[in-house]
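The next block holds one structure in the form of structure tokens; read it before the comments.
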Amino acid sequence: MSLIRSILLHLDAAPSSAARLEFARQLALRHEAALSAMFVAAPPQRPVQLAISESPAALLQPLDAAAMERAKSLFDAVGAQGGPSLRWLEGRGDPVEAFCRQALYADLLVLGQCEALATPGSAPGNFVESVLIGTGKPALVLPYTGEFKIIGRDVLIGWNATPQAARAVAAALPWLRSAHRVHVLEAVDPARPAEPGELDIAHYLQFHGSVPALHRLRSSAADMGDTLLSLAADVDADLLVMGCYGHSRAREFVLGGASRTVLRTMTLPVLMAH
């Protein structure tokens with residue numbers, strides 16, 4: 001039985017949004033899941049003089065209504081094709097906070113990588129980390145370029161024995177159970193050798209029917225993110241699974257090096273959890 005019965009999709013006005021919608025629709029079909037979508041975009045730029053003259057209430061309306069309507073029309077057109085149960089969501093107040101509230105009722109989030117050159121109506125630059133850190137929910141983050149019709153045949157796991165990595169692996173079980181190959185890049189601490197009889201990531205995956213290929217490196221490696229992406233290319237992985245490391249303080253996000261590198265330069269879908 002699938003662990004995924006409710007999917008929440010982020011839409012914006014970026015060119016990659018349509019492909020993200022089709023990906024989420026196919027994912028919902030495959031898992032017989034309900035699919036909900038919400039539009040979140042950075043506030044449209046206003047001339048300084050206009051912004052100064054606007055009322056406080058007007059300044060609290062950050063969504064681009066025309067861009068949101070276009071996204072909803074696209075969503076409705078997909079719904080007219082039949083398939084999974086679809087629901088369009090509109091939140092009140094801050095759109096990022098509204099999305100995070102709705103994320104609590106989803107088994108999986110589908111988000112898009114922040115584009116290098118933001119287009120009008122695209123998501124705020126820190127949207128992905130805001131949602132991951134703010135909700136604790138697992139998210140499939142799709143690169144803003146490329147086509148990703150099928151994922152999970154060849155999976156690479158970034159493992160460092162942390163709660164974040166464990167949550168990401170648990171969320172990835174629907175793919176791991178049917179994967180052709182599973183690779184694990186494990187960060188090991190030379191100062192703490194494994195005790196005989198201890199459980200490890202290989203045992204856990206074997207409990208779920210996977211016999212992984214293990215790749216080990218010292219946990220002090222300069223940038224785990226670059227190493228993960230390099231190995232993903234070497235083993236032809238179509239899905240990367242990893243924890244998202246960081247914390248938030250009044251919307252100031254501090255990400256770990258691996259998380260920051262992967263979110264910035266990812267070339268394949270990444271299943272992340274905080």
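Coordinate-derived values only; no laboratory data. What you are looking at is a predicted structure, and each value in this text was computed from that prediction instead of being measured. Glycine also receives a Cβ, built like all others from the backbone with ideal geometry; neighbour counts cover every protein chain displayed.
What size of dipole, in debye to the nearest 20, comes out for segment 154-273 about its Cα centre when the only charges are +1 on Lys and Arg C-beta atoms and -1 on Asp and Glu C-beta atoms? List each step's numbers first, then the result.
Numbers: 10 positive and 12 negative charges, 80 e Å.
My answer is approximately 380 debye.
Residues 231, 142 in ascending order of nearby Cβ atoms (within 10 Å, fewest first): 231, 142. Across segment 19-28, coupling constants 3J(HN,Hα) worked out from phi with the 6.51/-1.76/1.60 Karplus curve, θ = phi - 60°, read 5, 5, 5, 5, 4, 5, 4, 5, 5, 5 Hz, and Gly and Pro carry x.
Going by neighbour counts of Cβ atoms within 10 Å, the residues 16, 73, 6 line up, fewest first, as 73, 6, 16.
Given the rule -39500 (n - 2.57) for each run of at least 4 DSSP H residues, summed and divided by the residues of the chain, what is its mean residue ellipticity at 222 nm, to the nearest 500 deg cm²/dmol?
Details: 11 runs with 98 residues, N = 274.
Calculated from helices alone, the mean residue ellipticity at 222 nm is -10000 deg cm²/dmol.
What you get for the chain, charging only the Cβ of Lys and Arg (+1) and of Asp and Glu (-1), is a dipole of about 360 debye around the Cα centre. Using the Cβ of residue 224 as centre and a radius below 11 Å, the other residues enclosed give a net charge of -1, where K and R count +1 and D and E count -1.
Name the residue farthest towards the positive end of the dipole of the chain from the options 230, 217, 206, assuming +1 on Cβ of Lys and Arg, -1 on Cβ of Asp and Glu, about the Cα centre. Result: 206, furthest along the dipole toward the positive end. Label sites at residue 88 and residue 213, each approximated as a point 7 angstrom past Cα along Cα to Cβ, lie 4.6 nm apart. Residues whose amide H comes within less than 5 Å of that of residue 114, counting only those at least five positions distant or on another chain, are absent (H built at 1.01 Å from N in the peptide plane). Near the amide H of residue 157, within less than 5 Å, lie the amide hydrogens of 183, 184, 185, 241, all on another chain or at least 5 residues away, with H placed in the peptide plane. For the chain, DSSP calls about 15 percent of its internal beta bridges antiparallel.
Compute the longest continuous run of the chain that contains no exposed GluC sites (Glu not before Pro); treat a site as exposed when its DSSP state is not H, G, I, E or B and it has at most 13 other Cβ atoms within 10 Å. Please list the in-between numbers first.
Working: sites that count: 32, 54, 90, 147, 198.
The longest uninterrupted stretch comes out as 199-274.
Shown for 39, 75: other C-beta atoms within 10 Å of each C-beta, ranked fewest to most, produce the order 75, 39.
DSSP beta bridges confined to segment 154-273 are antiparallel in about 15 percent of cases. Between amide H atoms placed 1.01 Å from N, distances below 5 Å from residue 87 occur with 35, 36, 37, all of them 5 or more places distant or on a separate chain.
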